[in-house]
Amino acid sequence: MYHKISSLMLNLAKSSSGHREVYVAQPDNLTQQVAGKVFILFELEAKKADAKKIYDFLINGIDQYYYQDEKIFLRDKIEGLKLENIFEAFLTKLNRALSEFLISENIRVKSSDFNITIGLIYENQLFFSNFGRNRAYLIYKKADQYEIINVESSASDVERSDYQDQEDEQVVSERMKNFKIFSSVVSGEIPSASYFFFTNENLPEYLSTKEMVLIISKLPPMVATEQMKQSLAKVNSYAPFLGIIIKNTLGLSEQDEKEEILENLSAQSSISTLKHTERKTEDMLSPTGFFDKSKFKNNFDDFLSKISNFFKKLFPFLKIKDKKVKQAVEKTKEQKKEVVDNSSDPKSSIDIKTKIEVVKSSSLFFKFIKTIKNFIVNLFTPNFWSNSFTDIFKNFKTLHPKRKLLIISVALLLIVLIISISITNRQKRLQEHNEQFMATIEEIQDRYDLIESYLLYDNEDGAKLIIGEISDEISELEALNEEQEELLTTWQNNLQESRREIQKLTIINEPEKLFDTVDLNSSAEPRNLSIIDNNLYVSDPAGKIIYIYNSDEKETSSTLINTSGDLNLEIPFVYDDKINYLDDENIVQVDIDGQYENIAVSGLVDKKTNALDIYEVNDLLYSLHSAENSIFRHSPANSFEQFSNWLQEDVNLSSAIDMAVTAEIWVLENDANILRLYLGENDDDFNLDNIDPPLNSASKLITNENSLYIFDRQSLRLVKYNYDGSFESQYQFPDLEDVFDLSIDHQLERVYLLSDTKIYSFSF
């Protein structure tokens, strides 16, 4: 927005003849953007009816000859065509049409009776033509102050062929044909943050240029015109005043614009703000440090009176008992009598009135202080509230029935009004909340659509950032009804799905239940499971039982281990179609028929063994001992009488909990980190990809030909990595309370879970 414009019209109805008016066109936004705003400051001394006809004709001519001109919308396509040329052509057409109109309507006017200014404001450019005695002032800033110059273009050089009453009709007709009032155009740009002020000749005679500059430069245009009206209304004159203020806002800062908008809104909203503007201007024009004692005294007295009356009406039993105040009141009455008796003596009357005012002021002040004191003291008295209600009730009982009915009716109306206002305010707040809620949801939808594009280009970090921001916004939204709650739940689920897609996380809801060992043994206490040829073996050390599940036949059975001693059956591993368990310091081999064999293993005596595994390529057994920072290699197979430390360098294995043997040895630490050991040495360059959320309580490591699987018992997650440490996928089964052990059938791509006494499974 390049400009602001405001018009001033005062005392127009008091003129007995002619017509005076200020007109500012209000085209639609599109037309204004290409054609600007046309304005007229019109004053004609003639018959009222004729002057009004001429004015209406000019206003209609603006729309007909300017805004409907097709050249305005073709400016960009016609080279060299400027808006100034179109405006000059419009004035020429308007002059010709006005001359024809005067002849056709048989209207006789003198050119000397015209005072008219017609102009066009487009962006920060101004074009105008002035005929008569109107003034055009430019108010611009120079250094730290504003200056004013008169840039009016008068029509003094135009021949004003005024007809005489005694001229014949032919002469008059010839003069009307050549009637011309718009002869030249003044054009140019309004300087940045400057003003143009068009007035009739009366206004500068009552407002000095200094006053005009001060009001226009200090106040927004709309407020400035209202302030001028206030000032001119005090003038004892019936002269009409016309004016237009145009302000170029191109050079204003954003803060200046905001302050001006606020002042404009307040000036339009209420008469009280107009008075405030007048006071503001008076303060601005008043000397520095000036103090209005009468205004302060009136405000203070009104305040005391209102507060005192409020307490008196609310608590009628509070009575003033100050003797001095009573004496002052009595003295005031006597002084009033003296005023009547001494009315013949003006000096005496003035003195007595002054004394009465002092007594009244003092009495009012003491009454106020006394009322406040009594109220505060009684407020903490035990009988205060009971006396208050009793007093009010007694006063109510003494009232006339009609007054009682009136009070009850008013009370009910107030209650209904308060309830109605409360309901309306609540509905308004709900509506505002709903609009804000839906606006936020629409904004969230727009941002949520970006996640898919981020994932398309593997920008997971950008997608995570958007999901986090949307989650924070949704958590701050308050749902006030069931529909909004469902909408928030839907969005939370959508975000959760998107987050899982980025995390490559698959949620296994309600995995398939295969069987419950309690069905085979009511006191079953299964602890681990293994897989041989698509058969699942679940060990029960306490019952010395192995439960068997045939995956092909989907049948269950159990085998009792033939031994009279105790069995631990820890750390199972499969070798030579037999299940091998660690039993203290020995290996127990159990076949599918329940037969077992104890095999002594050297090197396990008095050592904590964390993991066992056999590398079937060379039939060598490897044992992990974190407390010893050692990995022992036991040979030959089936006897394990010889052992040695396989490590060729010092490796910190204090956090190791499990191990898997392939061509390398993979060691799992409790923080879910994996060490890759090759030929007895640690591969320092091997690292696992970070995942979301991170693992923090790894419990088991499983390998196959291409992949590493880490099971996190606390978060119930199975995470799959490639041998190069790159993350591939993860699975979570939150419906299970706890999982003791886990095994994978790589051929069937199926996972088996031991939870309490039950066996579950799911496919990759």
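A short reminder: the numbers here are calculations on the coordinates, not readings from a lab. The structure presented is a predicted model; accordingly, all values stated were derived computationally and were not measured. Positions of Cβ are generated from backbone atoms using ideal geometry, with glycine treated the same way; all protein chains shown enter the neighbour counts.
Note on Leu514 and Asp446: the extension gain reaches 19.9 nm, defined as 0.36 nm multiplied by sequence separation minus the Cα-Cα distance.
When Ser630, Ser194, Ser539 are ordered from fewest to most other Cβ atoms inside 10 Å of their Cβ, what list results? Provide the component values of the computation, followed by the final result.
Working: Ser630 18, Ser194 21, Ser539 28.
With the fewest neighbours first, Ser630, Ser194, Ser539 line up as Ser630, Ser194, Ser539.
Summary of the geometry: the stretch 515-579 and the stretch 389-460, compared by the centres of their Cα atoms, lie 68 Å apart. Taking chymotrypsin sites (Phe, Trp or Tyr not before Pro) across the stretch 529-624, none is in a DSSP loop with at most 10 further Cβ atoms lying within 10 angstrom of its Cβ. In terms of surrounding Cβ atoms within a 10 Å radius of their Cβ, Val151, Val223 rank from fewest to most as Val151, Val223.
For the stretch 512-763, what class follows from the C-alpha gyration tensor (a ≥ b ≥ c being the square roots of its eigenvalues): rounded when a/c is under 1.5, otherwise prolate if a/b is larger than b/c, else oblate?
Working: a/c = 1.84, a/b = 1.15, b/c = 1.60.
Since a/c reaches 1.5 but b/c is at least a/b, the shape of the stretch 512-763 is classed as oblate.
Figure the gain on full extension for Asn493 and Asn550 (residue separation times 0.36 nm, minus the Cα-Cα span) and round it to one decimal in nm.
Numbers: separation 57, 0.36 × 57 = 20.52 nm, distance 3.85 nm.
Result for the pair: 16.7 nm of gain on full extension.
Within 10 Å of each residue's Cβ, count the other Cβ atoms and sort His400, His634, His746 from fewest upward. Mind dumping the intermediate values first?
Working: His400 8, His634 23, His746 15.
Ordered from fewest to most neighbouring Cβ atoms within 10 Å, His400, His634, His746 come out as His400, His746, His634.
Taking 0.36 nm per residue of separation and subtracting the current Cα-Cα distance, fully stretching the chain between Glu211 and Asp738 would add 180.9 nm.
Find out how many positive minus negative residues lie around Ser422, taking Lys and Arg as positive, Asp and Glu as negative, among other residues whose Cβ is under 11 Å from that of Ser422. Don't skip to the end; give the middle numbers.
Details: positive: Arg426, Lys428, Arg429; negative: none.
With Lys, Arg at +1 and Asp, Glu at -1, the net is +3.
Could you compute the net charge surrounding Pro636? Neighbours are other residues with a C-beta less than 15 Å from the C-beta of Pro636; K and R count +1, D and E count -1. Present the calculation step by step, with values, prior to reporting the outcome.
Details: positive: Arg633; negative: Asp576, Glu616, Asp619, Glu641.
Around Pro636, the surrounding residues sum to -3.
In order along the stretch 664-672, the Karplus-derived 3J(HN,Hα) couplings, from 6.51 cos²θ - 1.76 cosθ + 1.60 at θ = phi - 60°, round to 10, 10, 9, 10, 9, 9, 5, 8, 6 Hz, and Gly and Pro are given as x. Label positions at Asn629 and Asn387, each projected 7 Å from the Cα along the C-beta direction, are separated by 9.0 nm.
Out of the stretch 444-541, which GluC sites (Glu not before Pro) are coil in DSSP terms and have no more than 15 other C-beta atoms within 10 Å?
Values: sites: Glu452, Glu460, Glu469, Glu473, Glu476, Glu478, Glu482, Glu483, Glu485, Glu486, Glu497, Glu501, Glu512; in loops: Glu478.
Here the sparse-neighbourhood loop sites are Glu478.
Once the mean 1/r over all distinct Cα pairs of the stretch 403-503 is inverted, what Kirkwood radius in angstroms do you read off?
Values: mean 1/r = 0.0602 Å⁻¹.
About 16.6 Å for the stretch 403-503.
Given R₀ = 60 Å, FRET efficiency for Gln595-Val651 by Cβ-Cβ distance, to 0.05?
Numbers: r = 39 Å, r/R0 = 0.65.
For R0 = 60 Å, the calculated efficiency reads 0.95.
Zone of Gln436 (label point 7 Å along Cα→Cβ, backbone N under 12 Å): which residues in the stretch 468-484? What the label zone holds, given the 12 Å backbone N cut-off, is 477-479. At what distance in angstrom do the alpha carbon centres of the stretch 175-215 and the stretch 1-52 lie from each other? Going from one Cα centre to the other spans 13 Å. The value of relative contact order for the stretch 512-763, using C-alpha pairs under 8 Å at least six residues apart, is 14 percent. The trypsin sites (Lys or Arg not before Pro) of the stretch 500-570 that meet both conditions, a loop assignment by DSSP and at most 15 other Cβ atoms within 10 Å of the site Cβ, are Lys554.
What net charge is computed for the residues neighbouring Ile665, neighbours being all others with C-beta under 12 Å from the C-beta of Ile665, Lys and Arg scored +1, Asp and Glu -1?
Values: positive: Arg633, Arg676; negative: Asp613, Asp658, Glu664, Glu681, Asp683.
Neighbourhood net charge equals -3.
Which FRET efficiency, nearest 0.05, do Tyr2 and Glu460 yield, Cβ-Cβ r, R0 51 Å?
With a Förster radius of 51 Å, E is 0.60.
For the stretch 629-672, the residues whose amide N sits under 20 Å from a probe point set 7 Å from the Cα of Glu728 along the beta carbon direction are 659-669, 672.
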